[in-house]
1. Could you tell me whether region 108-227 comes out rounded, prolate or oblate from its Cα gyration tensor? Rule is a ≥ b ≥ c as square roots of the eigenvalues, rounded for a/c under 1.5, then prolate if a/b exceeds b/c, otherwise oblate.
2. For His473, His448, His232, write out the residues from largest to smallest accessible area, computed with a 1.4 angstrom probe and no ligands counted.
3. Say each of Lys496 and Glu133 gets a label point 7 Å from the Cα, pointing the same way as Cα to Cβ; how far apart are those two points in nm?
4. Using a 1.4 Å probe, how large is the accessible area of Ile504, given in Å² and rounded to the nearest 10?
5. At 1.4 Å probe radius, can you tell me the per residue accessible area of region 60-164 in Å²?
6. Rounded to the nearest 0.05, what FRET efficiency do Met212 and Ser154 give with R0 = 45 Å and r taken as the Cβ-Cβ distance? Could you check?
7. Determine how large the accessible area of Cys145 is when every protein chain is in place; take a 1.4 Å probe and give Å² rounded to the nearest 10.
8. Solvent-accessible area of Val527, probe 1.4 Å, all protein chains present, reported in Å² to the nearest ten, please.
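The values are calculated or read from the model by the stated rules, or taken from the named source; none is laboratory data. Keep in mind the model is a prediction, meaning the values are calculated, not measured. Glycine also receives a Cβ, built like all others from the backbone with ideal geometry; neighbour counts cover every protein chain displayed. SASA here: full protein model, heavy atoms, side chains in, ligands and nucleic acids out. Shrake-Rupley method; radii C 1.70, N 1.55, O 1.52, S 1.80 Å.
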Amino acid sequence: MGPEQPYGTKPLIAQPNGTCDNIIFVNLAMSKGGTRASCKTVVSPNHTANRGRPPKELLHLRHFFGLSTIARALGEERTRKELIPFLSENNDDDDEVLLAMAEELGVFTPYVGGVDYAHVLLPPLETLCTVEETCVRDKAVESLCRIGAQMKESDLVEWFIPLVKRLAAGEWFTARVSSCGLFHIAYTSAPELLKAELRSIYSQLCQDDMPMVRRSAASNLGKFAATVEPNHLKTDIMSIFDELTQDDQDSVRLLAVEGCAALGKLLEPQDCVAHILPVIVNFSQDLSSDSSQHVRSALASVIMGMAPVLGKDATIEQLLPIFLSLLKDEFPDVRLNIISKLDQVNEVIGIDLLSQSLLPAIVELAEDRHWRVRLAIIEYIPLLASQLGVGFFDDKLGALCMQWLEDKVFSIRDAAANNLKRLAEEFGPEWAMQHIVQQVLDKIGNPHYLYRMTILHAVSLLAPVMGPEITCHKLLPVIITASKDRVPNIKFNVAKVLQALIPIVDQSVVEQTIRPCLVELSEDPDVDVRYFANQALQSSDHMMSS
């Protein structure tokens, strides 16, 4: 074979006439000395029995140098006449190779001569749309959509739409699954007769015997609907949607539920109320008690998103009862999907009605047995507080914020500390001094060290908001007292908090109070306490020198 080539050697050797008849296949091999490149095979198509036809090994070359490198070397004409037909006929069963081919062909238009010849890329991608591996099919559909978006309308009619129809009529379900993701590209350029045929084909796919095909049709319905004319949207598409919401497979119903908000946004508000809302109400009565918790969860998420589309009156009359029902669902993700999008409902129905109807349920969920539900409530509290105002917050939610500081789950305690900081920022230091600071400091005596650590964390977060005066007179004395704690974890967290306070307080306070405490901690028997104390002292020295 000759001497080894340096790593990075180009695999293609161009001849003086500008062609590339010799293709060097490169194999990356690992050796004890590191990665090296060696020549594996030298193929000269001019000397093969099938002249000009790249061999099967060419397909594996793309792992290292890409098909685009080969196409540039071959030129546009030879790429169209030799490389693309070879890729169309290849029967490689390596999913990684097929996935890479599907991805690269999506950006191959310049290498075959531009959009005028983009149609030559369709056959290999059509083949990839039928393979068993889902990720390969999805990437092939993505590449077909990218190419179709670039093609001329006449070429779409001549080449792309027939491809979609062939896949939709495919004997194997994989082809029909792939076809569903291509209709929104094909439809816009089709003449009226073809548009009617495409709508009919899509309707048939939604009734396919295979659930996988119906799932694909349901998930792509929103994209297809966005290209359909308004008059057909209200009839054909809504009829399809109605059928999907009554499918016997919960996975199909779930995807139909997820698509209803997208459909609603395509219609005018009055049309949405007339056409989407009845469908939602009809199947929500069944889905709110659906045996599948995942379907109910999807329903909760999507219906909350429908509030801005439907407007205030329809939301209050039709959706609010569903919200309240789903807030009591036994499955935590259903409740989470309602809670996480309450702001969308608030924008529509207003805070007064929200507080009257939903707030009691929110207060109940604040003590939910599932910690992720409690966490979602905590993260929503600052927004809710800003909308309700100080008075309402103090009456209804203030006690909960303190209660969460002693939750059994760390994520809840951590979120509760951050929540107090955000509330102090919202209502101001004076309010925080009256309603938060003293209650927090009172908890520093909790017998469990994990809860005491939470209080230290809360103090470090509150200090920048409260300012130097309150920090020096109220927060710092509690931190200094905590430095005498018997638990090393508390003491090294004290060192970290003191380090965070150094930029906030006056230099005299650092010298007279903080540094002596840190010096004492730097002599602690525990190695971690000494480490963090010394870190804080170094930070103090740096602040003084600067």
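1. Numbers: a/c = 1.97, a/b = 1.27, b/c = 1.54.
It is oblate, given that a/c is not under 1.5 and a/b is not larger than b/c.
2. On the way: His473 135, His448 85, His232 40 Å².
From most exposed to least exposed: His473, His448, His232.
3. 4.4 nm
4. Solvent-accessible area, nearest 10 Å²: 40 Å².
5. Working: 4460 Å² over 105 residues.
Here the residues of region 60-164 average 42 Å² of exposed surface.
6. Working: r = 33 Å, r/R0 = 0.74.
Result of the calculation: an efficiency of 0.85.
7. Looks like 20 Å² after rounding.
8. Val527 has an accessible surface of roughly 90 Å² with all protein chains in place.
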